[in-house]
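For reference, the structure discussed in these notes is given below.
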Number of protein chains: 2
Amino acid sequence: MAPQSPSSARAALFDVDGTLVDSNYLHVRAWQRAFREIGHDVDAWRVHRAIGLDSSLLLESLLGDDADSLGDRAKDLHMTYYLGARDSMRPLAGARELVRELHGRGVQVVLATSASEEELDVLREVLSVDSCIAHTTSAADVDRAKPDPGVIRAAMDRSSTSGETAVMVGDAVWDAEAASRAGVTFVGLLSGGISRAELEAAGAEAVFEDAQDLLDRLDSSPLARLLSL
Amino acid sequence: MAPQSPSSARAALFDVDGTLVDSNYLHVRAWQRAFREIGHDVDAWRVHRAIGLDSSLLLESLLGDDADSLGDRAKDLHMTYYLGARDSMRPLAGARELVRELHGRGVQVVLATSASEEELDVLREVLSVDSCIAHTTSAADVDRAKPDPGVIRAAMDRSSTSGETAVMVGDAVWDAEAASRAGVTFVGLLSGGISRAELEAAGAEAVFEDAQDLLDRLDSSPLARLLSL
């Protein structure tokens with residue numbers, strides 16, 4: 001069931017890493033290996049907290065002054081190691097089922113990520129719910145990733161929705177900040193490994209354990225608003 | 001400089017994984033691989049939150065009813081994969097320096113862990129501050145690991161300290177709970193990837209980013225009490 005008319009357009013905007021696919025911890029490992037190879041030991045917890053952040057900001061925050069000279073090499077190495085972990089990637093609990101349920105109830109599912117096209121192809125293959133995804137964004141759509149609101153705005157443009165007819169679901173503080181700047185309600189999930197208190201402090205209207213928990217309590221969640229539009 | 005007499009005995013009890021060595025995220029990966037091999041996909045964030053917990057409790061919480069039949073095999077596989085990551089293990093920022101400083105100021109440094117002897121050997125080799133470590137505990141000393149207070153009590157017995165003359169430093173909610181049950185002040189570090197709010201809620205008197213941050217602010221931390229005894 002698809003939206004009947006532009007006036008009924010409504011969308012759930014999803015971050016992908018740590019929200020739909022269990023990839024945050026693979027990103028941590030890939031960045032750590034990349035940083036070590038360029039001569040920087042960066043502790044895992046600091047990398048974890050920067051996952052989902054625009055990569056230039058991630059590099060600045062973790063490499064400091066060396067980001068300019070070494071950042072591009074680190075990005076290339078990260079991508080090689082990350083894509084090399086393809087076989088370890090799995091959808092998070094309930095991710096596929098939640099996407100299917102929203103699609104079935106007439107809500108556009110939009111992947112609002114700044115992953116590269118290559119990464120996004122892998123993530124979509126892992127998810128295997130392509131027929132239920134209305135739109136996607138990728139690195140090609142935005143100059144700067146989260147917490148810049150550009151990704152969210154692109155996702156809303158594409159789905160013909162607004163702050164009244166869209167809800168963003170993500171696992172990172174950066175998702176919450178981007179949603180807030182774009183004027184969209186944010187629902188946080190713990191499945192990326194970031195705590196409830198941090199997601200709430202960053203503006204989450206509600207926090208669920210994972211996609212399965214959100215699906216189980218969908219009708220009392222902030223997404224219920226979309227279902228009744 | 002060693003304590004002058006039993007009356008001046010004082011000790012800093014340290015958890016090791018995630019507190020002194022950057023190994024929590026390696027444990028997550030090793031458990032995930034082990035679980036997958038026995039037919040269980042467990043999302044990374046759930047494994048992360050169970051790190052530091054007694055392994056039988058970790059297995060019960062993550063495998064449910066299959067813990068009895070598959071737990072031993074999972075433990076063996078985890079140990080193989082974890083020890084196989086030996087080359088990726090590094091001390092956390094400031095860990096060595098903090099241990100050396102406390103030792104130099106007459107505080108016994110005790111590794112209060114329930115790691116196996118084999119794991120502990122690897123962790124000590126990674127840390128490379130053996131001459132500054134007064135005592136250790138390991139799996140051989142306790143029937144059940146954290147949050148059971150047995151590990152902390154063994155560490156206090158060995159260092160001839162009490163709740164008045166010891167402070168526990170760790171990164172996990174389980175460290176905080178074990179310390180609380182043993183009647184010892186707990187100082188939390190964020191370096192294991194668990195949030196400030198969770199550590200505080202579990203009873204941390206103070207929370208620092210990592211060993212380096214604690215070292216930088218040692219004289220205004222709960223450890224200052226030990227230094228002035």
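Bear in mind these aren't lab numbers, they're just calculated from the coordinates by the rules spelled out. Small disclaimer: the values here were computed from a predicted structure and weren't measured. All Cβ positions, even for glycine, are placed from backbone atoms using ideal geometry, and neighbour counts span all protein chains on display.
Points worth noting:
- Per-selection metrics, chain A (Cα): Rg and Dmax in Å: 16.9, 55
- Per-residue Cβ neighbour counts within 10 Å put A:Leu229, A:Leu20, B:Leu92, A:Leu120 in the sequence A:Leu229, A:Leu120, B:Leu92, A:Leu20, beginning with the fewest.
- Computed label-point distance, nm, for sites A:Asp87 and A:Ile133 using a 7 Å Cα→Cβ extension: 2.3
- Going by neighbour counts of Cβ atoms within 10 Å, the residues A:Asp216, B:Asp22 line up, fewest first, as A:Asp216, B:Asp22.
- Only the Cβ atoms of Lys and Arg (+1) and of Asp and Glu (-1) were treated as charged; on that basis the dipole of chain A about its Cα centre amounts to roughly 500 debye.
- Between helix A:150-159 and chain A: long-axis angle, C-alpha atoms, 0 to 90°, nearest 10: 30
- Reference-scaled alpha-carbon Rg (2.2 N^0.38 Å with N residues) for the stretch A:1-73: 1.55
- Helix axis angle, B:24-37 relative to chain B longest principal axis, alpha carbon, degrees: 20
- Over the stretch B:76-152, the hull volume per residue, using the convex hull of the C-alpha atoms, is 104 Å³.
- Neighbour count of at most 16 Cβ within 10 Å plus DSSP loop: longest trypsin sites (Lys or Arg not before Pro)-free window in chain B: B:1-104
- For residues of A:83-92, the mean tally of beta carbons on other chains within 10 Å: 2
- The protein assembly as shown - convex hull of alpha carbons, volume per residue in Å³: 136
- Label spacing, shortest first and in nm, from B:Leu229 to its equivalents in the remaining copies (7 angstrom along Cα→Cβ): 6.2
- Each other copy holds its own label point for A:Met79; taking that point as 7 Å from Cα along Cα to Cβ, the gaps run 4.2 nm, nearest first.
- A dipole drawn for chain B from +1 and -1 charges on Cβ atoms has a positive end, and of B:Leu53, B:Gly64, B:Gly163 the residue lying farthest that way is B:Gly163.
- Contact order, relative form, for chain B: 26 percent (alpha carbon pairs under 8 Å, 6 or more residues apart, mean separation divided by residue count).
- Taking Cα centre as origin and charging only the Cβ of basic (Lys, Arg, +1) and acidic (Asp, Glu, -1) residues, the dipole magnitude of the stretch B:24-88 rounds to 340 debye.
- Lys, Arg +1 and Asp, Glu -1 on Cβ, resulting dipole of the stretch B:92-136 about Cα centre, debye, nearest 20: 320
- GNM on chain B, alpha-carbon springs under 10 angstrom: the most fluctuating residue among B:His27, B:His40, B:His103 is B:His40.
- With label points set 7 Å from Cα along Cα→Cβ, the inter-copy distances at A:Gly163 are 5.1 nm, sorted shortest first.
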